[in-house]
Each structure stands twice: as structure tokens, then as C-alpha cells.
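The values are calculated or read from the model by the stated rules, or taken from the named source; none is laboratory data. Fair warning: this is a prediction, and the values are worked out from it, not measured in the lab. Positions of Cβ are backbone-derived with ideal geometry, glycine not excepted, and every protein chain shown enters the neighbour counts.
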Amino acid sequence: MGTAAMSGTDAFAAIPLLREICRSGMNTREYLGLLEDESRRIPTIDMDARSRNRMARLPINQQRTARILRTHSVPDDLRSRIGALTVPQFWMILTEPWCADSAQCIPYFVKFAECNERIQLCFLLRDQNPTVMDRYLTDGSRGIPKIVAFNVHGNEIFRWGPRPREGQELFQKGKAEGLPKEQILERLHLWYGRNRGAAITAEFEALLNSPGLHPESQPDLPIAPQAFD
């Protein structure tokens, strides 16, 4: 499994952009450990309603994440395609433990990354890293999860998120109908459960056609000017 741990021999360690990301990031084991720890927290009397609502989601988020990681198998043909990639990649995953979409989506990307040791993951908490998050907004909002892949030059290969296209259309349709947010989310997570990662898998298969994933499109370019101000 790819992780965010960076050693002196790591090809990505010399890139300022990625080093900055990893300074605040976690590897897969650390993020899953944080999710499990957060799911055991007990609300305190000084918490506002928003914090209590977020905390209430944590146990089911942890259960969903663990279930997908335990039960999902990457299709053999996709596993072969991922395994055949020769371009080293660094995947930044912007997320939060309380995010229900993250619990439904991120485990699939973890499973994809397990198919190739050249893929390195780094989990970054959105609320602790607003400068990074604000570079990857969705229609002006800080939607998560957001997965952004870089090559060894620090140039972006692809990005994905915050949810599968079909799920996003379902969410927007509910808003257009004036439905309460809780009802929209109920519909959305029912869709996630029935879809079982099929939409995410199809969208990731399309991302594998990105030019940056193929050696012939990897000239010895200078590092992209993406330092955080």
C-alpha cells in the first residue's frame, strides 16, 4: 500500500509542493487510525450543534470505511491496468473523518493504490489546511473528498471528487426540488449502497487514460510553479 511516509530516497521528497503537503499529511494507516479514534469520541456539553452532528456521523463512517476495505475487490482487469503503470505517482487525498462522502469513496482509492507500489498516498485534513484546500475548490466550495495525483515533477496528473458524477447529480436534483438536506443525504447514501463503487471504478478507469500516466508523455519538465503562498 502506498503511504505518505517520505524517506531521503523518496523521489517525491525533493519537490517543495509535495513536501509541504506531507508535512501536515498522514499515511493510510495513520488516517484509518484517526478515523477509528474519532469514532470513539463522546460529545461534550460545550459542543455546538454542527460539531455534534458531525460527531454523530463518525461511527457509521468508520464502519462503512472498514466494510469497503474488507469486502471490496478491485476487478482483475483494472488491477492489471493499475499494476502496469510505470509512472510513480503521489495522490493527495483531502478529507475529514466526519465526511460521509469520504467514507463512501476513499476506501476504493485506497484499494486502487494497493495495486501498484509506485502509488504513494497522503491524507490531508481539509479544515487544518485551508491554503491547500482552496486550490482545489468545487464550484467555489471546499467539497471533499478531493483526490489530486501528481507525477515526480510535481505536476498534476488528474483530480477527482468530491463524489461520483451520478451521485453529484442526485444531490443537485434534490436541492433543485427543495428537499431537506437530510432527505437528500438519505437518498444519496442509499444510492452509494446500491452502486457498490461501480461509478467510482468507472470514473477511475477513465482517469487511467490521462496523458500524464504514460511514460511517453513524461518529458523532463521543471517542477510546476505551485508553491503555496
- Query: Being of a type in the set (Val, Ile, Thr), touching a Cys at 6+ places or on another chain (Cβ under 8 Å) and either modelled with pLDDT under 95 or under 22 Å from GLY161 (Cβ atoms) (or both), is that true of even one residue in the range 56-71?
  - Reply: no
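Each row is one residue, and each column tells you yes or no for (1) of a type outside the set (Ser, Thr, Tyr); (2) at pLDDT 90 or above; (3) more than 25 Å from LEU78 (Cα to Cα); (4) surrounded by 15 or more Cβ atoms within 10 Å (Cβ to Cβ).
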residue	(1), (2), (3), (4)
ARG165	yes, yes, no, no
GLY174	yes, yes, yes, yes
ARG196	yes, yes, no, no
PHE204	yes, yes, no, yes
GLY212	yes, no, no, yes
PRO215	yes, no, no, no
PRO222	yes, no, yes, no
- Task: Considering only the range 131-147, state which residues are loosely packed, with under 13 Cβ neighbours inside 10 Å and either small (Gly, Ala, Ser) or without any contact (Cβ under 8 Å) to a residue 12 or more places away in the chain (or both).
- Result: ASP134, LEU137, ASP139, GLY140, SER141
- Message: Here is a list: ASP77, ASP101. Which entry is at pLDDT 95 or above, out of contact with any helix residue (DSSP H, G or I) (no Cβ under 6 Å at 6 or more places or on another chain), surrounded by 19 or more Cβ atoms within 10 Å (Cβ to Cβ) and part of a helix (DSSP H, G or I)?
- Response: ASP101
- Query: Just checking, how many residues over the range 67-107 are over 18 Å from MET26 (Cβ atoms) and not basic (Lys, Arg)?
  - Reply: 20
- Message: Filter the range 183-216 down to the residues that are closer than 16 Å to ILE68 by Cβ, in contact with a strand residue (DSSP E or B) (Cβ under 9 Å, 6 or more places away or on another chain) and not in a helix (DSSP H, G or I) and list them by number.
- Response: none
- Message: Being at pLDDT 95 or above and either β-branched (Val, Ile, Thr) or outside any helix (DSSP H, G or I) (or both) is the requirement here; does THR44 meet it?
- Response: no
- Scanning the range 7-23 residue by residue, those out of contact with any Cys (no Cβ under 9 Å at 6 or more places or on another chain) and either closer than 18 Å to GLN128 by Cα or modelled with pLDDT of 85 or more (or both) turn out to be LEU17, ARG19, GLU20, ARG23
- Note on the structure: Checked against (1) under 13 Å from the mean Cα position of the chain (by Cα); (2) surrounded by fewer than 18 Cβ atoms within 10 Å (Cβ to Cβ); (3) in contact (Cβ under 8 Å) with a residue 60 or more places away in the chain, ARG159 satisfies every condition except (3)
- Members of the range 144-166 found to be closer than 14 Å to VAL132 by Cβ and in a strand (DSSP E or B), listed by number: LYS146, ILE147, VAL148, PHE150, GLU156, ARG159
